[in-house]
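In what follows, a structure is listed as structure tokens, so that the remarks can point back to it.
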Amino acid sequence: MKLVVEQCQRYAKMRAHTATHLLHSELAKIFKTTKQAGSLVDEDYLRFDFNADRLLSPEEIHDIEKNINQIIYDAYVVEVKETSYDDAIKLWAKAFFEDKYGDVVRVVRVFTHDNEIVSIELCGWTHVLNTKDIGCFAIIWQEAVASWVKRITAVVWPKVGLRIHEIQGILDVTVEKLWIKTYTQLADKLDKTLKEYDDMKANLESLETNMIKQILTWSDFSSWKDLDKIFLIPSALNFKNIAFQAKIIFEHQNVLIYTAEWWFILLTKKWISAKEFAAKLGIKWWGTDLMVQGRDESVLWLFK
Ligand SMILES: [Zn+2]
């Protein structure tokens, strides 16, 4: 039984390894000068690092998957040959073998039924005998591991099925939560929901703006020395919007607006620096000459 398991694991790694070679040659078509920067081969799972200055586009990922699955479908022979390094160079393009190897090398070739080379690499690993044994191939992730190194993670055969199952599960839950019948309605439903969200947000913002205007126009205020108006306002309101409205409403006045949580905005008349005003009051602030804001406990008792 143990032997059977080991054999299965070995085949799973062979499938992933041959797929790695196919991925390498597909990437070389897109990034002409790319070089392998590392790779990890596990059971029906592979990770491939390569030199590139950018990530792949969704179309490129789709094309790579399509091409590799076509190679799998076309059932090309995978040939492993031991030969001298010199013969390997003589027989096949030198460009493939830039690194230095020993005298005897293993050349792994995948070629079409017309003897056209699909992939050729020097490699000591075991491989499947035919590309059809890989079953199928899917890229599940890509990322940048360094500025010049990109990483692709892919799966083959049984793990492609698991992947589909996993995505199907996510789709089923999403479809159910969005109250639609099938995932083909997802894009439409999302557009509609996002539009509703935007409309609602705009409505809320306009309600809030009205509320802020009401508060700043009609609320009771006090005054103190050079400060024409001092407002204590509810903390839950959007402070950025308050600052914006206050600037319009109190154009030629010195105004301090604060909350029970000590947040404050100080606006000044054109010829008075808000920064200097705040410094005189002894409160900590940030901002410009026309308006400063900040959080300082002393605003609570400064004018009492
Ligand atoms: Zn290899």
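The values are calculated or read from the model by the stated rules, or taken from the named source; none is laboratory data. All figures in this text were calculated on a predicted structure; none of them were measured in a lab. Note that each Cβ is placed from the backbone with ideal geometry, even for glycine, and that neighbours are counted across all protein chains shown. Please note that ligands, DNA and RNA were not included when accessible areas were found on the heavy atoms of the full protein model with its side chains. Shrake-Rupley method; radii C 1.70, N 1.55, O 1.52, S 1.80 Å.
Brief remarks follow.
- Residue check: HIS21 meets all listed conditions (1) in contact with a strand residue (DSSP E or B) (Cβ under 9 Å, 6 or more places away or on another chain); (2) outside any loop (DSSP other than H, G, I, E, B); (3) more than 16 Å from the ligand (Cβ to nearest atom) but one, namely (3).
- Among residues of the range 1-19 that are polar (S, T, N, Q), those with a beta-carbon under 8 Å from a residue that is part of a helix (DSSP H, G or I) at least six positions away or on a different chain give the pairs THR18/THR131; THR18/ASP133; THR18/ILE134.
- The lone criterion from (1) assigned by TED's automatic domain parsing to the domain that holds THR18; (2) open to solvent by 50 Å² or more (accessible area, probe 1.4 Å) left unmet by CYS123 is number (2).
- Total residues in the range 273-301, condition free of Cβ contacts under 8 Å to residues at least 40 places away in the same chain and either part of a strand (DSSP E or B) or open to solvent by 30 Å² or more (accessible area, probe 1.4 Å) (or both): 16
- ALA202 vs. criteria of a type outside the set (Val, Ile, Thr) and in contact with a strand residue (DSSP E or B) (Cβ under 6 Å, 6 or more places away or on another chain): no
- Flag: ASP172 does not match the condition of being surrounded by 14 or more Cβ atoms within 10 Å (Cβ to Cβ) and either at pLDDT below 95 or at negative phi (or both).
- Selection status of THR34, open to solvent by less than 30 Å² (accessible area, probe 1.4 Å), part of a loop (DSSP other than H, G, I, E, B) and assigned by TED's automatic domain parsing to the domain that holds ASP133: yes
- All positions within the range 196-233 that are open to solvent by less than 80 Å² (accessible area, probe 1.4 Å) and within 38 Å of the chain's Cα centre (by Cα): ASP199, ALA202, SER206, GLU208, THR209, ILE212
- Of all residues making up the range 238-267, the number that are at negative phi and either outside the structural domain of ASP220 (by TED's automatic domain parsing) or aromatic (Phe, Trp, Tyr) (or both): 6
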